[in-house]
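One structure below.
The values are calculated or read from the model by the stated rules, or taken from the named source; none is laboratory data. Here the structure is a predicted model, which is why all the values come from computation and not from measurement. Quick reminder, even Gly has a Cβ in these numbers, built from the backbone with ideal geometry, and neighbours come from all protein chains shown.
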Amino acid sequence: MKDLEKIRESIRECDDRIIEALADRMKLIEDVAEYKKQHGMAILQPEQERRQEEVLAAKLEGNRYKGEIMDIFSHIVRKSREIQARSLFSHNIFLVGFMGAGKTTVSKYLSTMLALERVELDELIVQKEGMTISSIFEEYGEEYFRNCESNALLELQKRSQLVVSCGGGIVLRDENIANMKRNGRVVLLAASPETTLERVKDSDERPILRNNMNVGFIAALMEKRRERYLKAADIIIETDGKTVQEVCEEIVAALSGKV
């Protein structure tokens, strides 16, 4: 049996090799990201990640530590995504659109895809006020809620590299549009009134639609807000008939100038 201190010394030497190898790998990831940018290639390539995972699994076949090593590599890949995302997005990504456009679903997938932190603006308001959005509307009215919304948006000005899912009415105030554009890119997610109704019909957290859950009302409200959304948008993504992955891949391509 080896002396314990000798074992620990061997572990420290192993750690030094791991640190050096990881630093080399991260530098190579930066080189790959720069090459992709220069040659107009997609920065994030999920299929390539899957192929790498399959190759790694094959190399580890029969290894008693396969599960642990695969888990470690999943973290390495996530950090690699973060490095590539930083090379693309030093700003925030704000998702806007009518209720039911898919902002929450898309923000969850996009934040994972880019390894960026996700923020749900309405959740920030609920946490701060200690009550649901519906309760805020009922007790204090829409103007009070809009003030909460603007204040929450201001707080995000101190942060960067966020994927922010905004409420449907965030574009109603010019100051909100200006603040989003000041340190971010604004992505408008669009959907038809029919698709929107299908997505929100079972929700009781849509105060504006209470007693108005129909295509006609939704279409009229969309049209009323249309100019505001267009004024805010840097990028417009149609979501009808698309999977969340397809929508997110379009967003990344648009933000990186590939479309």
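Scanning region 133-154 for residues that are exposed (fewer than 13 other Cβ atoms within 10 Å of the Cβ) and touching a residue at least 40 places away in the same chain (Cβ under 8 Å) yields one hit, Glu138.
Within region 1-24, the set of residues being charged (D, E, K, R) and over 27 Å from Lys79 (Cα atoms) comprises Lys2, Asp3, Glu5, Lys6, Arg8, Glu9. All conditions but one from (1) assigned to a helix (DSSP H, G or I); (2) more than 19 Å from the chain's Cα centre (by Cα) apply to Met131; the one that does not is (1). On inspection, Glu205 does not qualify as within 23 Å of Phe94 (Cα to Cα), at pLDDT 85 or above and assigned by TED's automatic domain parsing to the domain that holds Met99.
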